[in-house]
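The values are calculated or read from the model by the stated rules, or taken from the named source; none is laboratory data. Since the structure is predicted, the reported quantities are computational estimates derived from the model, not experimental observations. Glycine gets a Cβ as well: all are built from the backbone with ideal geometry, and neighbour counts include every protein chain shown.
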Amino acid sequence: MTDSRRATVWGLVAEQAARRGGPVAAGDACTAVVAAVGVTGAWLTAAGGGEGGHLMRVTDGVSERLAELELTLGEGPSLDAAASGGPVLASDLGARDAVGRWPGFAPAACQAGVAAIFVFPLRIGAIQAGTLGLYRDQPGSLNESQLGDALTLADTATLLMLDGHDQDAGNGTGPGGQPANLALHRAEIDQATGMLTEQLGVGIADAFLRLRAYAYAHDLQLTDVARDIIARRLRLRPDPGPFWDGDV
């Protein structure tokens with residue numbers, strides 16, 4: 001990529017920050033990538049290991065749904081990109097190889113209106129900062145120019161996150177300029193997981209697995225299950241059988 005193109009891409013990021021009325025932040029690379037690369041939506045996560053990371057920015061409801069699906073199902077392109085350290089590019093989620101790779105995620109994503117998905121790890125050397133995910137509502141691969149712009153925006157997001165420019169980036173927003181409710185959603189999941197460690201007598205990892213399994217088995221969003229646990233409308237038994245109990 002030429003220096004002029006890099007400058008243009010950076011200008012798109014700065015433009016997003018100006019619209020938001022705050023300093024440039026990692027989340028601005030997420031919003032800029034939609035027009036720059038020609039995708040339908042995007043999302044940005046901070047590194048979080050096997051739990052899929054903390055959601056920092058989404059550009060629409062479908063993007064948020066994709067991040068939620070990966071967190072609930074424990075599979076998907078973001079997790080693969082984080083584990084491998086390389087991009088994961090799926091130009092047709094309905095294809096046999098995509099369904100075989102993500103048997104739970106791919107059909108659910110298609111049902112949400114997603115036809116293609118591209119995820120880039122935010123990484124410098126051994127440092128893993130998170131992932132940048134893009135989706136299209138029509139199948140099709142990224143061309144060479146689009147791929148180059150996506151990589152540049154992923155690098156930009158990485159540097160901004162590692163330099164600490166993802167904190168308090170917007171007026172009344174959470175980290176990375178995200179809507180405050182995204183940070184709240186993750187806090188609710190963390191709180192519910194902590195409550196389950198006491199209820200079930202298990203560690204954090206096992207408690208999160210039980211939370212995720214319940215959401216998947218009942219076709220519920222993870223955040224909705226977390227809220228019910230926090231409000232004590234839902235209690236899980238120490239054995240594998242969860243149950244609803246509004247009086248608990």
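Within region 39-58, the only residue that satisfies the criterion of being over 20 Å from Ala226 (Cβ atoms), modelled with pLDDT under 95 and surrounded by fewer than 24 Cβ atoms within 10 Å (Cβ to Cβ) is Ala47. Scanning region 79-94 for residues that are part of a loop (DSSP other than H, G, I, E, B) and in contact with a helix residue (DSSP H, G or I) (Cβ under 7 Å, 6 or more places away or on another chain) yields Pro87, Asp92, Leu93, Gly94.
Given the structure, is Gly27 farther than 30 Å from Ala217 by Cβ and surrounded by fewer than 18 Cβ atoms within 10 Å (Cβ to Cβ)?
Values: farther than 30 Å from Ala217 by Cβ: yes; surrounded by fewer than 18 Cβ atoms within 10 Å (Cβ to Cβ): no.
No: the conditions fail for Gly27.
Of the candidates Leu93, Leu89, the single residue that is buried (at least 16 other Cβ atoms within 10 Å of the Cβ), more than 24 Å from Ala46 (Cβ to Cβ) and more than 13 Å from the chain's Cα centre (by Cα) is Leu93.
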